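Just below is one structure, and these are the notes that go with it.
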Amino acid sequence: MILIIGSNGQLGRQMQKALTARGLEYAAYDYPEIDITQPDSVRELMEAVKPRAVVNCAAYTQVDRAETDEETAYRVNALGPKNLAQVCADAGAELVHVSTDYVFSGEPPMRDGRPRPYVETDPCGPVTAYGRTKLAGEQLAQQHCDRLYILRTAWLYGDEHNFVRTMLRLAETRDEISVVSDQIGSTTSTVDLAETICALLGTGAYGLYHATCEGYCSWHDFAVKIFALSGKNVRVLPITTEEYSRNYPGAAPRPKWSVLENAALKTAGKNLFRSWEDALREYLREI
């Protein structure tokens, strides 16, 4: 039995599809059925389900709101994983915890005078409340559970509200859209991420992994590709982060560089991620 926490989100929904396709038994819960910030709530569910593994897809992901409500973000993103880790350790269950590129500062590491992707061993330095709470969640989970897989992902899209769907919705009423061009990152399909989680479960290859589609692009590049693949005639205007911030003064700072390298997955022979273009092409066909 595999227990999915955060079953109503993009990844939680895709995990259910992936486990169903494999004929694996699972139980799926979301708030308020399970409140990961409350140890008793976690323990009661674990005792009822008795899973061999828990996949934590739950998170406080409102990046802007976290700047003024870091306490709530910390309860969900840090204390939640801690509670899950403690109960998993007591039950001898594996824990998969999903983290983020926001644990890094957004300043690219350099190699031969050029930016290179972040690898798992690079030092963290979050500059947002969201990033700080997610890093705390990684650390607390590591302190309390040995049978732990942490997967850092970025720019996720799947079966819910996301950047791809937003662009397609805007294209219905606009022929010109402005998109930030100086933030570079790794897009991620929930399909590929769920497949990778399934491939890791039960292997005992515990550790920290970066888990994104191969290659990288800017948000502007991403939008251009979305419209090209979907046959939408939309002009995409490049704007800077500074220009975007002037229009949305309450926005939290976004990392300029969020490119992750799946180094540990490749070493473990578990890197199932496609190129970001191929994953996007399939996603657009399906929706």
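The values are calculated or read from the model by the stated rules, or taken from the named source; none is laboratory data. Worth saying up front: this structure is predicted, and the values here are computed from it rather than measured. Quick reminder, even Gly has a Cβ in these numbers, built from the backbone with ideal geometry, and neighbours come from all protein chains shown.
Some observations on this one:
- Check on residue 59, of a type in the set (A, V, I, L, M, F, W, C) and either assigned to a loop (DSSP other than H, G, I, E, B) or free of Cβ contacts under 8 Å to residues at least 12 places away in the same chain (or both): yes
- Test result for residue 196, touching a Leu at 6+ places or on another chain (Cβ under 6 Å), under 28 Å from residue 99 (Cβ atoms) and in contact (Cβ under 8 Å) with a residue 12 or more places away in the chain: yes
Here's the yes/no breakdown for (1) over 18 Å from residue 63 (Cα atoms); (2) surrounded by 23 or more Cβ atoms within 10 Å (Cβ to Cβ):
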{"residue": "127", "(1), (2)": "no, no"}
{"residue": "135", "(1), (2)": "no, no"}
{"residue": "140", "(1), (2)": "yes, no"}
{"residue": "143", "(1), (2)": "yes, no"}
{"residue": "151", "(1), (2)": "yes, yes"}
{"residue": "160", "(1), (2)": "no, no"}
{"residue": "169", "(1), (2)": "yes, no"}
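- So residue 279, is it crowded, with 18+ Cβ neighbours inside 10 Å, aliphatic (A, V, I, L, M) and either within 23 Å of the chain's Cα centre (by Cα) or modelled with pLDDT of 95 or more (or both): yes
- The lone exception for residue 133 - which of (1) over 23 Å from residue 18 (Cβ atoms); (2) in contact with a His (Cβ under 8 Å, 6 or more places away or on another chain) it fails: (2)
- Options 268, 205, 194: the member that is under 18 Å from the mean Cα position of the chain (by Cα), surrounded by 15 or more Cβ atoms within 10 Å (Cβ to Cβ) and not polar (S, T, N, Q): 194
- Of all residues making up segment 200-248, the number that are more than 30 Å from residue 52 (Cα to Cα) and in a helix (DSSP H, G or I): 19
- Close pairs from segment 215-236: first in contact (Cβ under 8 Å) with a residue 24 or more places away in the chain and among the hydroxyl-bearing types (Ser, Thr, Tyr), partner surrounded by 17 or more Cβ atoms within 10 Å (Cβ to Cβ) and assigned to a strand (DSSP E or B), Cβ under 6 Å, at least 6 apart: 216/184; 218/184
- Unique residue being in contact with a strand residue (DSSP E or B) (Cβ under 8 Å, 6 or more places away or on another chain), within 23 Å of residue 161 (Cα to Cα), touching a residue at least 40 places away in the same chain (Cβ under 8 Å) and in a helix (DSSP H, G or I) when the list is 45, 11: 11
- Check on residue 106, touching a residue at least 60 places away in the same chain (Cβ under 8 Å), at positive phi and either among the polar types (S, T, N, Q) or surrounded by 17 or more Cβ atoms within 10 Å (Cβ to Cβ) (or both): yes
- Selection within segment 14-42: residues that are part of a helix (DSSP H, G or I) and not polar (S, T, N, Q). The member of this set that is nearest to residue 162 (Cα to Cα) is 15.
- Residues of segment 128-150 satisfying the condition of being among the hydrophobic types (A, V, I, L, M, F, W, C) and touching an Asp or Glu at 6+ places or on another chain (Cβ under 9 Å): 129, 145, 148, 150
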